[in-house]
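The values are calculated or read from the model by the stated rules, or taken from the named source; none is laboratory data. None of these values were measured; they are calculated from a predicted model. Here the Cβ positions follow ideal geometry from the backbone for every residue, glycine too, while neighbour counts run over all protein chains shown. Ligands, DNA and RNA are stripped out before the accessible areas are found, and what is left, the full protein with its side chains, is counted by its heavy atoms. Shrake-Rupley method; radii C 1.70, N 1.55, O 1.52, S 1.80 Å.
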Amino acid sequence: MGGLGRSAPLLAANMLEAVLPFARNVALAHLIAPAEFGLAISLSIVIGMLEVLTDFGLPIFAVRKDAGVDPLAKSAGRDAETAMMGTLQGLALFRASLLAVVLMAASPWIAAAFHASDSAPVYALLGLIVFVRGFENFGVKAAMRAFVFWREAIVVTAAQVAGLAVTVAVAALSGGFSCMLWGMLATAVTTVALSHALSPQPYRLHWNREAAREASVFGRPLLVNGVAVSLNLSDRLLVGSVLGPGLLALYNVAYGTAQLPRTVLAKFLTSAFLPLFVRHREGDADTSALYDTWAWCLSCLAFAYGLGLSLLGDHVLAFVFGETYRPSRLFMCLAGLSLCVKFLMLLPVPAAYAVGNTRLVAFGSILSALSVIPGAALLVWRHDVELFLAGLTAAEFVALLVFGRIAIREQAFTRSAGWLAIGTPLLLLAALATLTILVPELSFGRWLAACSAALLLSAAIYGAMVPRFGIGPGALRHA
């Protein structure tokens, strides 16, 4: 625990890594026009998708590498650790150089896709940012293998603070979307500079075939995950290219902000329940109670999250970002439904991790990623962002039915408890969304009453599940 206890600075840095981009978006919403804000978001979308698509885990491999795989370096009189790190950094620089060329060559088409053909040079400069990142020293990340987290924490924190400061300063001075470019460049330069200054190992470029082979074997499966992640990010690309940067800004503010707490909560829930499933992976008399309790907790949280977005999401976003970025009530109901489904897709994940069944987790990621296709078809057909989100949510629901059926069949969930956990929040939130369609001008007082009725009905169902299936806090204490 002493070693892990030293990870607190890195935990704080990772939290800042999530919070500061949100603060940046709030500032940009008030400093630049919606169309410029949408183009600024498009810069981060392009660079994010391309990097995720080509990410094969070099920083992760630097943490878990085995220095002993380099017998050739030893025989040549070189330090094996240096040869391994040099090879990883050589691979990173090669990848960055290749991506930089691709971005620069494709910049006219990328700019045209976002209705910004005159700004192709700005998109071309994204290649410079990727190239600069390729010079990062992995020694800071390798130090985490010995529980030295403070170096990485300083790099992450300083880079995010620098990016936020530069982005906001340039936005205040120019009012243009290129502020995002300069902010990302500041983040990249700070990351590279501090990684060299704080690394316990000097930066070297080297090539060793065995080291490269080990890294590629480790990283190739991650490319599949990268495809799934990039498909999940493609909703913003689709909205921006079909509807233009103005609606992209609104969509990113409304849906992107709604997703942020869900991402943090999903990581926490998986981490909190994983040890319990690890303890029970050999099975005992109380295994079903643990599985059903997990389903119950997840379902309660998914419903509460979706209900909160449906009830107050439009008001909160208008208060934080301004009236320009107030979404419709129907949009927030659909967002609540979508994120409820995303929560419920976690149903088999902790138990799958506990037994090492990562294929099931990957299958769920792919199912979720493919859900964007029906939404994309509706968006191209009708050019309606609410219809797009409705199609996306419906496809995610179908994916959940498939994934949930596998989970209930292959894991120790009680069948009725599992389907109640899935069906209860979705039916109630879908009923609220239907109400907004049938009565679009419903007053807030009546809307509050409808949401309160849904909350009371859910409380009755969840309360009845506790004695029926022997679940709840008592089962967790026993575990």
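Quick rundown of the values:
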{"item": "Yes/no for Val217 being more than 24 Å from Glu410 (Cα to Cα) and either open to solvent by less than 20 Å² (accessible area, probe 1.4 Å) or touching a residue at least 12 places away in the same chain (Cβ under 8 Å) (or both)", "result": "no"}
{"item": "Unmet requirement for Pro327, which otherwise passes all of (1) in a helix (DSSP H, G or I); (2) open to solvent by less than 20 Å² (accessible area, probe 1.4 Å)", "result": "(1)"}
{"item": "Members of region 375-411 that are of a type outside the set (A, V, I, L, M, F, W, C) and either over 21 Å from the mean Cα position of the chain (by Cα) or over 23 Å from Arg329 (Cα atoms) (or both)", "result": "Arg382, His383, Asp384, Glu386, Gly404, Arg405, Arg409, Glu410, Gln411"}
{"item": "Of residues in region 103-112 being more than 24 Å from the chain's Cα centre (by Cα) and under 17 Å from Ser44 (Cβ atoms), the one most open to solvent (accessible area, probe 1.4 Å)", "result": "Ala106"}
{"item": "Which listed residue, of Ala212, Ala186, Ala193, is under 27 Å from Val19 (Cβ atoms) and surrounded by fewer than 20 Cβ atoms within 10 Å (Cβ to Cβ)", "result": "Ala193"}
{"item": "Extreme residue, farthest from Glu81 (Cα to Cα), among residues of region 113-156 that are crowded, with 19+ Cβ neighbours inside 10 Å and hydroxyl-bearing (Ser, Thr, Tyr)", "result": "Ser119"}
{"item": "Selection status of Ser42, closer than 21 Å to Val242 by Cβ, of a type in the set (S, T, N, Q) and at pLDDT 85 or above", "result": "yes"}
{"item": "Single condition Ser458 does not satisfy, out of (1) among the hydroxyl-bearing types (Ser, Thr, Tyr); (2) open to solvent by 20 Å² or more (accessible area, probe 1.4 Å); (3) modelled with pLDDT of 95 or more", "result": "(2)"}
{"item": "Pair list, Cβ < 8 Å and 6+ apart or interchain, from region 181-193 residues that are farther than 12 Å from Val161 by Cα and in a helix (DSSP H, G or I) to residues that are of a type in the set (Phe, Trp, Tyr) and open to solvent by 40 Å² or more (accessible area, probe 1.4 Å)", "result": "Val192/Phe135"}
{"item": "Residue tally, condition among the hydroxyl-bearing types (Ser, Thr, Tyr) and surrounded by fewer than 23 Cβ atoms within 10 Å (Cβ to Cβ), over region 284-324", "result": "4"}
{"item": "Looking only at region 233-283, and only at residues there that are open to solvent by 50 Å² or more (accessible area, probe 1.4 Å) and under 30 Å from Asp118 (Cβ atoms), the one that is modelled with the lowest pLDDT", "result": "Leu233"}
{"item": "Residues being within 14 Å of Phe135 (Cα to Cα) and acidic (Asp, Glu) - total across region 181-230", "result": "0"}
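Rundown of residues vs (1) among the polar types (S, T, N, Q); (2) surrounded by fewer than 17 Cβ atoms within 10 Å (Cβ to Cβ); (3) in a helix (DSSP H, G or I); (4) over 28 Å from the mean Cα position of the chain (by Cα), yes/no style:
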position	(1), (2), (3), (4)
Phe413	no, no, no, no
Ala421	no, no, yes, no
Ala430	no, no, yes, no
Pro440	no, yes, no, yes
Gly445	no, yes, yes, yes
Leu448	no, yes, yes, yes
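For every residue, the table says whether it meets (1) in contact (Cβ under 8 Å) with a residue 60 or more places away in the chain; (2) assigned to a loop (DSSP other than H, G, I, E, B); (3) among the β-branched types (Val, Ile, Thr).
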| site | (1), (2), (3) |
| --- | --- |
| Ala335 | yes, no, no |
| Gly356 | no, yes, no |
| Leu360 | no, no, no |
| Glu386 | no, no, no |
| Ala399 | no, no, no |
| Gly404 | yes, no, no |
| Gly418 | yes, no, no |
